[in-house]
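Single-structure report; data block below.
The values are calculated or read from the model by the stated rules, or taken from the named source; none is laboratory data. Keep in mind it's a predicted model, so treat the numbers as computed, not measured. Every residue, glycine among them, receives a Cβ derived from its backbone with ideal geometry; neighbour counts consider all protein chains shown. Just the protein is used for accessible areas: all its heavy atoms, side chains included, with ligands, DNA and RNA removed. Shrake-Rupley method; radii C 1.70, N 1.55, O 1.52, S 1.80 Å.
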Amino acid sequence: MVATWPERYVVLFEPGDDAVDAVGLNVATSASRAALLRPPSRISVIGYADPTGSASLNEALSLQRAENV
């Protein structure tokens, strides 16, 4: 078996927003297609928050971003 490095796809968000825009949707679609072409595949989605705001607000924001992707 040949080891391969995982591909990385990044969806960016406007500050304070959890909406996936058209560019983010294209990125997520590309990631999904790549995974389908290489079974078995594993996809990890990690949501990050903004550098400002309270910890509880940013925790909820990062979780919602990951769920939206």
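Say whether the condition of being open to solvent by 100 Å² or more (accessible area, probe 1.4 Å) and part of a helix (DSSP H, G or I) is met by at least one residue in segment 5-15. No, the conditions are met nowhere in segment 5-15.
Do we find that V69 is of a type in the set (A, V, I, L, M, F, W, C), within 14 Å of V11 (Cα to Cα) and open to solvent by 40 Å² or more (accessible area, probe 1.4 Å) in this structure? Spelling it out, V69 is indeed of a type in the set (A, V, I, L, M, F, W, C), within 14 Å of V11 (Cα to Cα) and open to solvent by 40 Å² or more (accessible area, probe 1.4 Å).
For (1) surrounded by 13 or more Cβ atoms within 10 Å (Cβ to Cβ); (2) out of contact with any strand residue (DSSP E or B) (no Cβ under 7 Å at 6 or more places or on another chain); (3) touching a residue at least 40 places away in the same chain (Cβ under 8 Å), each residue gets a yes or a no:
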site: G24; (1), (2), (3): yes, yes, yes
site: R33; (1), (2), (3): no, yes, no
site: R38; (1), (2), (3): no, yes, no
site: S41; (1), (2), (3): yes, yes, no
site: L63; (1), (2), (3): yes, yes, no
